[in-house]
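> Quick one: the structure is below, and I'll ask about it shortly.
The values are calculated or read from the model by the stated rules, or taken from the named source; none is laboratory data. Predicted model only: the values in this text are computed from it and were never measured. Every residue, glycine as well, gets a Cβ built from its backbone with ideal geometry; the counts of neighbours run over all protein chains shown. SASA here: full protein model, heavy atoms, side chains in, ligands and nucleic acids out. Shrake-Rupley method; radii C 1.70, N 1.55, O 1.52, S 1.80 Å.
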Amino acid sequence: MITGKTKICGIFGYPIEHSLSPLMHNAAFKDLGLDYVYVPVKVAPEDLPAAIRAIRVLNLVGVNITIPHKEKVLPLLDDLSLEAKTIGAVNTIVNCGGRLIGDNTDGKGFIKSLAEENKIKLAGKKVVLLGAGGAGRSIGVSLLKNNIQVLSLYDVAENKRRSLASDLRSISTAKKVKTLDRDELPAAIKEADILINATPIGMKPTDPAVVDPALLSRKLFIYDIVYNCETALLKTARSKKIKCANGLGMLVNQGAISFELWTGKKAPVAIMRKALTGKR
Ligand code: NAP
């Protein structure tokens with residue numbers, strides 16, 4: 001029951017109809033008996049400044065920010081976490097008594113999924129990251145906070161991989177971050193412990209595996225952050241009995257971290273996952 005005491009969170013995006021976040025958060029509020037509600041709001045690009053001001057006016061607890069607002073929202077906020085600043089994108093806003101703080105929980109959610117759910121130890125590992133767009137940037141920042149040995153970046157867009165490498169070198173030891181040209185990718189994958197797909201390749205059923213399947217060996221752990229289907233990369237990994245995961249864990253855990261920022265309560269991660277998949 002929604003009353004005058006109910007605390008309001010939500011998500012601003014354009015379009016917004018496809019968002020799975022309301023399912024996940026409202027299930028979590030219900031499970032913990034919290035008097036909160038999570039509302040999806042369609043915000044056109046030209047209305048973003050007014051929508052952000054409305055967070056204060058309407059006393060919203062906080063909101064998630066999704067496409068196409070994640071970068072444009074930065075100058076509208078009072079403060080940013082180090083992650084949000086380095087990534088250059090915000091997916092979570094917390095309203096601290098009228099001060100709007102921007103954070104980015106995507107990379108932290110990825111690490112929780114990789115390290116806690118898949119039991120992968122990151123210290124000393126060699127990681128190849130494919131894709132230096134929004135998701136790749138957040139994953140790169142979080143990986144470097146977890147004491148990996150080396151992060152090798154590849155993106156078809158040379159400007160994006162160089163720009164991400166330069167931003168990551170500013171928060172880490174320069175030699176930990178390498179950029180790869182296409183012809184350097186096979187050797188880097190053969191050397192790697194972890195391969196991450198943060199490109200959209202695999203979202204369409206007709207997409208091929210993002211890298212040559214012949215390069216994949218059982219020494220790797222493969223994390224494909226696409227979550228809407230089983231990608232050709234993951235199908236190959238499973239057929240070769242290579243340990244792997246899809247992007248569902250990242251999706252659930254980035255939401256769980258936002259939930260904890262807004263409520264101060266430990267998120268019921270299994271309930272949030274079940275709300276998305278029907279399975280715990
Ligand atoms: P994005 O900003 O468009 O970035 C993707 C990057 O990958 C672009 O720079 C793109 O280059 C590059 N790319 C495309 N094909 C490539 C290839 N074959 N090899 C190397 N790089 C390639 O997209 P995003 O927002 O980062 O999202 C990427 C994927 O992650 C999407 O499928 C999205 O659904 C998924 N995602 C999952 C989660 C989760 O919680 N699991 C969260 C966020 C995103 P061009 O721009 O030149 O094509």
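> Going by the alpha-carbon gyration tensor, a ≥ b ≥ c the square roots of its eigenvalues, is the stretch 26-131 rounded (a/c under 1.5) or, if a/c is not under 1.5, prolate (a/b greater than b/c) versus oblate? Walk me through the intermediate numbers first.
Details: a/c = 2.25, a/b = 1.45, b/c = 1.56.
In terms of gyration-tensor shape, oblate.
> Sort 194-203, 102-111, 65-74 by packing, meaning the average of other beta carbons within 10 Å per residue, with the highest value first.
102-111, 194-203, 65-74
> Out of residues 5 or more away from K7 or on other chains, whose amide H comes under 5 Å of its own, with H placed 1.01 Å from N in the peptide plane?
Those qualifying (amide H under 5 Å, at least 5 residues apart or on another chain) are Y36, V37.
> Any idea what the relative contact order of the chain is, in percent, if you count C-alpha pairs under 8 Å spaced at least 6 apart?
The value is 17 percent.
> Excluding ligands, DNA and RNA, what is the solvent-accessible area per residue of the stretch 1-126 at a probe of 1.4 Å, expressed in Å²? Provide the component values of the computation, followed by the final result.
Working: 6180 Å² over 126 residues.
Each residue of the stretch 1-126 exposes 49 Å² on average to a 1.4 Å probe.
> Step through the table entries K85/K112; K85/K160; K219/K241; K126/K176; K112/K178; K121/K176, compare each Cα-Cα distance with 19 Å, and write down the pairs that go over it.
Too far apart for the 19 Å limit: K85/K112; K112/K178.
> Using R₀ = 51 Å, calculate the FRET efficiency as 1/(1 + (r/R₀)^6) where r is the Cβ-Cβ separation of R169 and T3; round to 0.05.
0.50
> If you don't mind, another one. For the stretch 158-206, what is the accessible area per residue in Å², given a 1.4 Å probe and the full set of protein chains?
Working: 2880 Å² over 49 residues.
That works out to 59 Å² per residue.
> Which whole-number percent of Cα pairs in the chain have a distance greater than 30 Å? The partial results should precede the final answer.
Details: 11843 of 39060 pairs.
Taking all Cα-Cα pairs of the chain, the fraction more than 30 Å apart is 30 percent.
> Using a 1.4 angstrom probe on heavy atoms only, work out the carbon and sulfur share of the accessible area of the chain in %.
The C+S portion of the solvent-accessible surface of the chain is 56 percent.
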